[in-house]
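Below is one structure, written out as structure tokens; comments come after it.
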Amino acid sequence: MLIKMLLKTIKSLITPPAPTNNYWQNRRLKEFLDSRKGVMINIGSKNRSLGDNVFYADIHPGADLDVVCDIHDLPFKEDSIKGVG
């Protein structure tokens, strides 16, 4: 019984929290991104609701991506992207 409790406690300490789908956090993030001037790139995410000035990139092809690339070799001109997330 004590070992189970200890294992459960240890697991809770080393397990990262699950990603949230909090409406207010997403809304604040979208408002922030919309207020930024210039193009941004969202790497590794297929969330299409972040804004019109956000490109979506991933190393794995997907229907909702703008660019399929490795983050170590981004296909953008230098200083053309104002933010990366």
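Every read-out reported here was derived from the displayed coordinates using simple, explicitly stated rules and does not represent laboratory data. All values derive from a computational prediction rather than experimental measurement. In this analysis, Cβ positions are derived from the backbone assuming ideal geometry, glycine residues included, and neighbour counts consider all displayed protein chains.
Here are the numbers:
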| item | result |
| --- | --- |
| Matching residues, the stretch 63-83, being loosely packed, with under 12 Cβ neighbours inside 10 Å and at negative phi | Ala63, Asp64, Asp70, His72, Asp73, Pro75, Lys77, Glu78, Ser80 |
| Scope the stretch 41-64; condition more than 19 Å from Arg27 (Cβ to Cβ) and over 13 Å from the mean Cα position of the chain (by Cα); matching residues | Ile59, His60, Pro61, Gly62, Ala63, Asp64 |
| Long-range neighbours under 8 Å by Cβ, at least six apart or interchain, first residue touching a residue at least 12 places away in the same chain (Cβ under 8 Å) and among the small types (Gly, Ala, Ser) within the stretch 69-80, second surrounded by 10 or more Cβ atoms within 10 Å (Cβ to Cβ) and in a loop (DSSP other than H, G, I, E, B) | none |
| The stretch 27-62, residues that are outside any loop (DSSP other than H, G, I, E, B) and loosely packed, with under 12 Cβ neighbours inside 10 Å | Arg27, Arg28, Glu31, Ser35 |
